[in-house]
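A.B. asks: First the structure, which I've put down as C-alpha coordinates, then a few questions once you've had a look.
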Amino acid sequence: MELLHLRYFVAVAQELNFSTAARKLHMAASPLSRRIKDLENELGHRLFDRDTHHVRLTPAGSALLPIARGVLEQVDSIQWRLDETARPRRTTLLLGVPSGIHPDLRARMDALAERVGDRFEIKRWPGGTERLVDAVCDGRLALTLARLPVGGDPALEQLPVMSERLGAVVPRDRFAGRESIALAELSGLAYAGSPTAVTNAYFRGLDQQLAELGVKKRIEIGSATFDGVSEIVSSGLAFSISMLDPRSPVQNHRLDNVTVLPFSDFHPRLETGLLWRKDRAHGGDLEEVVAAAREIFAEPLHT
(Lines give C-alpha, C1' and ligand atoms only; values in the text may rest on other atoms or scores of the structure.)
Protein backbone atom coordinates (compact mmCIF):
# COMPACT_ATOMS: atom_id res chain seq x y z
CA MET A 1 0.00 0.00 0.00
CA GLU A 2 1.31 3.43 -0.93
CA LEU A 3 0.48 6.81 0.56
CA LEU A 4 -0.94 7.87 -2.79
CA HIS A 5 -3.57 5.15 -2.50
CA LEU A 6 -4.69 6.65 0.81
CA ARG A 7 -4.76 10.16 -0.68
CA TYR A 8 -6.89 8.90 -3.57
CA PHE A 9 -9.23 7.12 -1.16
CA VAL A 10 -9.66 10.20 1.07
CA ALA A 11 -10.33 12.42 -1.95
CA VAL A 12 -13.09 10.14 -3.22
CA ALA A 13 -14.53 9.68 0.29
CA GLN A 14 -14.77 13.46 0.71
CA GLU A 15 -16.40 14.10 -2.66
CA LEU A 16 -18.35 10.83 -3.12
CA ASN A 17 -17.84 11.48 -6.82
CA PHE A 18 -14.98 10.03 -8.83
CA SER A 19 -14.99 12.74 -11.51
CA THR A 20 -14.89 15.60 -8.98
CA ALA A 21 -12.19 13.88 -6.92
CA ALA A 22 -10.14 13.23 -10.06
CA ARG A 23 -10.26 16.91 -11.03
CA LYS A 24 -9.04 17.92 -7.58
CA LEU A 25 -6.22 15.37 -7.86
CA HIS A 26 -5.37 16.59 -11.40
CA MET A 27 -5.86 13.16 -12.95
CA ALA A 28 -8.43 11.33 -15.05
CA ALA A 29 -11.33 9.47 -13.45
CA SER A 30 -10.51 6.06 -14.93
CA PRO A 31 -6.98 5.72 -13.42
CA LEU A 32 -8.35 6.99 -10.12
CA SER A 33 -10.99 4.27 -10.21
CA ARG A 34 -8.29 1.64 -10.90
CA ARG A 35 -6.19 2.86 -7.94
CA ILE A 36 -9.19 2.55 -5.63
CA LYS A 37 -9.83 -0.99 -6.90
CA ASP A 38 -6.14 -1.83 -6.30
CA LEU A 39 -6.49 -0.60 -2.71
CA GLU A 40 -9.69 -2.59 -2.21
CA ASN A 41 -7.99 -5.75 -3.54
CA GLU A 42 -5.00 -5.24 -1.28
CA LEU A 43 -7.15 -4.68 1.82
CA GLY A 44 -9.63 -7.39 0.96
CA HIS A 45 -12.59 -5.06 1.52
CA ARG A 46 -14.85 -3.10 -0.78
CA LEU A 47 -14.58 0.56 0.24
CA PHE A 48 -17.29 2.11 -1.95
CA ASP A 49 -20.66 1.07 -3.23
CA ARG A 50 -20.93 2.46 -6.75
CA ASP A 51 -23.73 2.66 -9.29
CA THR A 52 -24.38 4.96 -12.23
CA HIS A 53 -25.75 7.74 -10.02
CA HIS A 54 -24.24 7.44 -6.53
CA VAL A 55 -21.06 6.65 -4.64
CA ARG A 56 -21.33 5.63 -0.99
CA LEU A 57 -18.85 4.48 1.61
CA THR A 58 -19.21 0.92 2.76
CA PRO A 59 -18.82 0.09 6.48
CA ALA A 60 -15.19 -0.81 5.73
CA GLY A 61 -14.71 2.49 3.91
CA SER A 62 -16.22 4.43 6.83
CA ALA A 63 -13.86 2.65 9.22
CA LEU A 64 -10.83 3.33 7.02
CA LEU A 65 -11.52 7.05 6.51
CA PRO A 66 -10.43 8.37 9.96
CA ILE A 67 -7.43 6.02 9.92
CA ALA A 68 -6.34 7.24 6.49
CA ARG A 69 -6.79 10.88 7.48
CA GLY A 70 -4.72 10.34 10.62
CA VAL A 71 -1.90 8.70 8.67
CA LEU A 72 -1.83 11.50 6.09
CA GLU A 73 -1.88 14.19 8.78
CA GLN A 74 1.08 12.55 10.48
CA VAL A 75 3.02 12.34 7.22
CA ASP A 76 2.15 15.90 6.20
CA SER A 77 3.34 17.21 9.58
CA ILE A 78 6.80 15.68 9.31
CA GLN A 79 8.39 18.73 7.69
CA TRP A 80 7.12 21.35 10.14
CA ARG A 81 7.83 19.08 13.12
CA LEU A 82 11.42 18.77 12.00
CA ASP A 83 11.61 22.52 11.41
CA GLU A 84 10.25 23.18 14.90
CA THR A 85 12.79 20.79 16.42
CA ALA A 86 15.68 22.47 14.61
CA ARG A 87 14.51 26.00 15.37
CA PRO A 88 16.10 27.62 18.44
CA ARG A 89 13.78 27.98 21.42
CA ARG A 90 12.33 31.48 21.85
CA THR A 91 13.47 33.44 24.87
CA THR A 92 11.07 35.84 26.59
CA LEU A 93 12.45 39.35 27.12
CA LEU A 94 10.79 42.12 29.12
CA LEU A 95 10.90 45.63 27.67
CA GLY A 96 10.08 48.50 30.02
CA VAL A 97 7.59 51.08 28.78
CA PRO A 98 6.86 54.40 30.57
CA SER A 99 3.48 56.12 30.34
CA GLY A 100 2.39 58.12 27.30
CA ILE A 101 4.52 56.44 24.63
CA HIS A 102 3.82 57.92 21.19
CA PRO A 103 2.13 55.57 18.65
CA ASP A 104 5.00 56.00 16.16
CA LEU A 105 7.39 54.76 18.83
CA ARG A 106 5.09 51.84 19.57
CA ALA A 107 5.16 50.97 15.86
CA ARG A 108 8.94 50.75 15.99
CA MET A 109 8.74 48.61 19.11
CA ASP A 110 6.45 46.28 17.16
CA ALA A 111 8.97 46.24 14.30
CA LEU A 112 11.73 45.27 16.72
CA ALA A 113 9.63 42.45 18.18
CA GLU A 114 8.90 41.17 14.68
CA ARG A 115 12.54 41.43 13.57
CA VAL A 116 13.79 39.19 16.41
CA GLY A 117 10.60 37.14 16.74
CA ASP A 118 12.15 33.84 15.64
CA ARG A 119 14.37 33.73 18.72
CA PHE A 120 12.85 36.18 21.19
CA GLU A 121 9.38 37.01 22.44
CA ILE A 122 9.34 40.63 23.62
CA LYS A 123 6.76 41.49 26.26
CA ARG A 124 6.18 45.02 27.53
CA TRP A 125 6.37 45.97 31.20
CA PRO A 126 4.90 49.34 32.33
CA GLY A 127 6.33 51.66 34.94
CA GLY A 128 7.96 54.96 35.77
CA THR A 129 11.31 55.73 34.17
CA GLU A 130 13.44 55.51 37.30
CA ARG A 131 12.05 52.15 38.39
CA LEU A 132 12.34 50.78 34.87
CA VAL A 133 16.00 51.81 34.65
CA ASP A 134 16.68 50.19 38.03
CA ALA A 135 15.07 47.00 36.74
CA VAL A 136 17.40 46.98 33.73
CA CYS A 137 20.40 47.45 36.00
CA ASP A 138 19.53 44.47 38.17
CA GLY A 139 18.49 42.25 35.25
CA ARG A 140 14.73 42.08 35.80
CA LEU A 141 14.19 43.84 32.47
CA ALA A 142 16.22 43.24 29.32
CA LEU A 143 15.73 46.75 27.92
CA THR A 144 13.63 49.78 28.67
CA LEU A 145 12.38 52.93 27.07
CA ALA A 146 13.11 55.83 29.41
CA ARG A 147 12.48 59.56 29.58
CA LEU A 148 15.89 61.22 29.39
CA PRO A 149 18.04 62.18 31.14
CA VAL A 150 18.69 59.22 33.40
CA GLY A 151 21.56 58.69 35.82
CA GLY A 152 24.91 58.21 34.17
CA ASP A 153 25.38 54.56 35.18
CA PRO A 154 28.52 53.37 33.34
CA ALA A 155 27.03 49.88 33.06
CA LEU A 156 24.25 51.16 30.78
CA GLU A 157 24.11 52.17 27.15
CA GLN A 158 21.36 54.31 25.68
CA LEU A 159 20.09 55.02 22.20
CA PRO A 160 18.01 58.17 21.49
CA VAL A 161 14.74 57.06 19.89
CA MET A 162 12.34 60.02 20.02
CA SER A 163 12.14 63.77 20.65
CA GLU A 164 8.70 65.24 21.37
CA ARG A 165 7.76 68.90 21.44
CA LEU A 166 5.94 69.99 24.59
CA GLY A 167 3.25 72.61 24.98
CA ALA A 168 1.23 74.40 27.66
CA VAL A 169 -1.86 72.59 28.90
CA VAL A 170 -4.26 75.43 29.70
CA PRO A 171 -7.98 76.16 30.29
CA ARG A 172 -9.58 76.43 26.84
CA ASP A 173 -12.07 79.17 27.79
CA ARG A 174 -9.31 81.40 29.15
CA PHE A 175 -7.21 81.21 25.97
CA ALA A 176 -9.91 80.77 23.33
CA GLY A 177 -8.82 81.40 19.75
CA ARG A 178 -5.11 81.36 20.59
CA GLU A 179 -2.56 79.51 18.45
CA SER A 180 0.37 79.95 20.86
CA ILE A 181 1.12 81.33 24.29
CA ALA A 182 3.96 83.18 26.02
CA LEU A 183 5.25 81.94 29.34
CA ALA A 184 4.56 85.31 30.95
CA GLU A 185 0.84 84.91 30.19
CA LEU A 186 0.70 82.00 32.60
CA SER A 187 1.85 84.01 35.59
CA GLY A 188 -1.67 84.05 37.03
CA LEU A 189 -1.86 80.27 37.08
CA ALA A 190 -0.05 77.76 39.27
CA TYR A 191 2.05 75.06 37.65
CA ALA A 192 0.71 71.52 38.10
CA GLY A 193 3.49 69.07 37.36
CA SER A 194 3.19 65.56 35.97
CA PRO A 195 1.51 62.83 38.00
CA THR A 196 3.75 61.29 40.63
CA ALA A 197 3.82 58.00 38.75
CA VAL A 198 5.62 59.57 35.77
CA THR A 199 7.69 62.25 37.48
CA ASN A 200 11.37 61.75 36.65
CA ALA A 201 14.61 63.69 36.30
CA TYR A 202 13.38 65.49 33.18
CA PHE A 203 10.19 66.84 34.74
CA ARG A 204 12.00 67.77 37.94
CA GLY A 205 14.46 69.71 35.79
CA LEU A 206 11.58 71.31 33.90
CA ASP A 207 10.05 72.45 37.19
CA GLN A 208 13.36 74.05 38.15
CA GLN A 209 13.61 75.74 34.75
CA LEU A 210 10.11 77.18 35.08
CA ALA A 211 10.96 78.54 38.53
CA GLU A 212 14.03 80.27 37.11
CA LEU A 213 11.84 81.79 34.35
CA GLY A 214 9.47 83.29 36.90
CA VAL A 215 6.76 80.64 37.34
CA LYS A 216 6.69 80.49 41.14
CA LYS A 217 3.27 79.13 42.10
CA ARG A 218 2.78 75.36 42.37
CA ILE A 219 -0.09 73.00 42.94
CA GLU A 220 0.89 69.72 44.58
CA ILE A 221 -1.36 66.97 43.28
CA GLY A 222 0.16 64.01 45.09
CA SER A 223 -0.96 60.74 43.54
CA ALA A 224 -3.23 62.29 40.90
CA THR A 225 -3.33 60.76 37.41
CA PHE A 226 -3.29 62.51 34.02
CA ASP A 227 -7.05 62.79 34.39
CA GLY A 228 -6.52 64.53 37.73
CA VAL A 229 -4.11 67.05 36.24
CA SER A 230 -6.58 67.73 33.43
CA GLU A 231 -9.34 68.27 36.00
CA ILE A 232 -7.30 70.92 37.82
CA VAL A 233 -6.41 72.69 34.56
CA SER A 234 -10.02 72.57 33.36
CA SER A 235 -11.16 74.30 36.55
CA GLY A 236 -8.88 77.27 35.79
CA LEU A 237 -6.57 76.75 38.80
CA ALA A 238 -3.41 75.76 36.98
CA PHE A 239 -1.56 74.99 33.78
CA SER A 240 0.62 72.02 33.01
CA ILE A 241 3.11 70.98 30.34
CA SER A 242 2.68 67.93 28.16
CA MET A 243 3.13 66.47 24.67
CA LEU A 244 1.95 68.80 21.90
CA ASP A 245 1.29 66.20 19.20
CA PRO A 246 -2.48 65.47 19.07
CA ARG A 247 -1.67 61.79 18.40
CA SER A 248 0.04 61.41 21.76
CA PRO A 249 -1.95 59.06 24.03
CA VAL A 250 -1.71 61.66 26.79
CA GLN A 251 -4.17 63.74 24.74
CA ASN A 252 -6.82 61.13 25.53
CA HIS A 253 -6.93 62.49 29.09
CA ARG A 254 -7.90 66.03 28.05
CA LEU A 255 -11.27 67.34 29.23
CA ASP A 256 -13.51 69.59 27.14
CA ASN A 257 -12.22 72.81 28.71
CA VAL A 258 -8.56 71.90 28.24
CA THR A 259 -6.32 72.61 25.26
CA VAL A 260 -2.60 72.35 24.51
CA LEU A 261 -0.84 75.35 22.95
CA PRO A 262 2.73 75.71 21.73
CA PHE A 263 4.92 78.23 23.56
CA SER A 264 6.04 81.27 21.58
CA ASP A 265 9.08 81.94 23.80
CA PHE A 266 9.89 78.60 25.42
CA HIS A 267 10.79 75.40 23.58
CA PRO A 268 10.82 72.36 25.85
CA ARG A 269 11.21 68.88 24.32
CA LEU A 270 10.88 65.46 25.91
CA GLU A 271 13.58 63.02 24.86
CA THR A 272 13.10 59.26 25.04
CA GLY A 273 15.86 56.67 24.85
CA LEU A 274 16.22 52.90 24.74
CA LEU A 275 18.54 51.53 27.45
CA TRP A 276 20.23 48.21 28.10
CA ARG A 277 23.20 46.83 30.02
CA LYS A 278 26.50 46.85 28.14
CA ASP A 279 27.53 43.40 29.34
CA ARG A 280 24.37 41.87 27.89
CA ALA A 281 24.80 43.57 24.50
CA HIS A 282 28.50 43.02 23.74
CA GLY A 283 28.83 39.27 23.35
CA GLY A 284 25.90 38.72 25.72
CA ASP A 285 22.37 37.40 25.40
CA LEU A 286 21.01 40.68 23.98
CA GLU A 287 23.57 41.16 21.22
CA GLU A 288 21.15 40.24 18.42
CA VAL A 289 18.30 42.31 19.88
CA VAL A 290 20.45 45.40 20.41
CA ALA A 291 21.86 45.13 16.87
CA ALA A 292 18.32 45.03 15.49
CA ALA A 293 17.30 47.97 17.69
CA ARG A 294 20.22 50.07 16.42
CA GLU A 295 18.97 49.53 12.87
CA ILE A 296 15.30 50.16 13.55
CA PHE A 297 15.94 53.25 15.70
CA ALA A 298 18.85 54.54 13.62
CA GLU A 299 16.95 57.78 12.91
CA PRO A 300 15.24 59.13 16.05
CA LEU A 301 11.61 60.16 15.66
CA HIS A 302 10.60 63.81 16.03
CA THR A 303 7.24 65.50 16.58
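A.B. asks: For segment 133-183, what is the convex hull volume of the alpha-carbon atoms per residue, in Å³? If you can, show how the numbers build up before the last one.
C.D. replies: Values: hull volume 6.8 nm³, N = 51.
Convex hull of Cα atoms, per residue: 134 Å³.
A.B. asks: OK, next. Just to be sure I understand: if I project the alpha-carbon convex hull of the chain onto a plane and average over all orientations, what area do I get in nm²? List each step's numbers first, then the result.
C.D. replies: Numbers: hull surface 103.9 nm².
Its average projected convex-hull area is 26.0 nm².
A.B. asks: Suppose a student asked you for the relative contact order of the chain, using Cα pairs under 8 Å spaced at least 6 residues apart; what percent would you report? The partial results should precede the final answer.
C.D. replies: Details: 473 pairs, mean separation 65.0, N = 303.
It rounds to 21 percent for the chain.
A.B. asks: Related question: Excluding Trp125 itself, calculate the net charge of residues whose Cβ lies under 15 Å from the Cβ of Trp125, where each Lys or Arg counts +1 and each Asp or Glu counts -1. Please list the in-between numbers first.
C.D. replies: Numbers: positive: Arg106, Lys123, Arg124, Arg131, Arg140; negative: Glu121, Glu130, Asp134, Asp138.
Charge balance near Trp125 sits at +1.
A.B. asks: Using only DSSP helix segments of four residues or longer, with each worth -39500 (n - 2.57), what per-residue ellipticity at 222 nm results for the chain after dividing by its residue count and rounding to 500?
C.D. replies: Values: 11 runs with 119 residues, N = 303.
The per-residue figure over the chain is -12000 deg cm²/dmol.
A.B. asks: Moving on. If one takes the longest principal axis of the Cα atoms in the chain, at what angle in degrees, from 0 to 90 and to the nearest 10, does the Cα axis of helix 201-212 lie?
C.D. replies: On a 0 to 90 degree scale, this one is about 20.
A.B. asks: Using a 1.4 Å probe on the protein heavy atoms, what percent of the accessible area of segment 163-270 belongs to carbon and sulfur?
C.D. replies: 51 percent
A.B. asks: Here's a follow-up. Take segment 163-270, compute every pairwise Cα distance, and split them into 5 Å bins from 0; I just need the percent in each bin.
C.D. replies: Binned Cα distances yield the sequence 2, 13, 25, 29, 22, 8, 1.
A.B. asks: Enumerate by residue number the GluC sites (Glu not before Pro) in segment 121-193 meeting two conditions: DSSP loop (anything except H, G, I, E, B), and at most 12 other Cβ atoms within 10 Å of the site's Cβ. Mind dumping the intermediate values first?
C.D. replies: On the way: sites: Glu121, Glu130, Glu157, Glu164, Glu179, Glu185; in loops: Glu179.
Within segment 121-193, the qualifying GluC sites (Glu not before Pro) (loop, at most 12 other Cβ atoms within 10 Å) are Glu179.
A.B. asks: Just the accessible area per residue of the chain, please: how many Å² with a 1.4 Å probe?
C.D. replies: Numbers: 16200 Å² over 303 residues.
Result: 53 Å² per residue.
A.B. asks: Another one. Restricting to the chain, compute how many DSSP beta bridges are antiparallel as a %, nearest 5. Working shown, then result.
C.D. replies: Values: 25 of 41 bridges.
Of all bridge pairs located within the chain, approximately 60 percent are antiparallel.
A.B. asks: Take the Cβ-Cβ distance between Val75 and Met27 as r, set R0 to 22 Å, and report the resulting FRET efficiency rounded to the nearest 0.05. Please list the in-between numbers first.
C.D. replies: Working: r = 20 Å, r/R0 = 0.90.
Rounded to the nearest 0.05, the efficiency is 0.65.
A.B. asks: Among residues other than Ala238 whose Cβ falls under 9 Å from its Cβ, what is the net charge (Lys/Arg +1, Asp/Glu -1)? Please list the in-between numbers first.
C.D. replies: Details: positive: Lys217, Arg218; negative: none.
Charge balance near Ala238 sits at +2.
A.B. asks: Only Lys, Arg, Asp and Glu count, each charged at its Cβ (+1, +1, -1, -1), so figure out the dipole size of the chain about its Cα centre, rounded to 20 debye. Show your work: numbers first, answer last.
C.D. replies: Working: 38 positive and 40 negative charges, 131 e Å.
My answer is approximately 640 debye.
A.B. asks: Taking amide H positions as placed 1.01 Å from N in the peptide plane, with prolines and chain starts having none, which residues 5 or more places from Trp125, or on another chain, fall under 5 Å of its amide H?
C.D. replies: Leu95, Gly96, Val97
A.B. asks: Oh, and also: Please state the relative contact order of segment 1-51 as a whole percent: Cα pairs under 8 Å, 6+ residues apart? Before the final figure, lay out each step's value.
C.D. replies: On the way: 28 pairs, mean separation 16.6, N = 51.
Relative contact order here is 32 percent.
The values are calculated or read from the model by the stated rules, or taken from the named source; none is laboratory data. Keep in mind that this is a model prediction, so the values were computed, not measured. Reconstructed Cβ throughout: ideal geometry from the backbone, glycine too, with neighbour counts over all protein chains shown. Quick note on the areas: whole protein, heavy atoms, side chains included, nothing else; ligands and nucleic acids left out. Shrake-Rupley method; radii C 1.70, N 1.55, O 1.52, S 1.80 Å.
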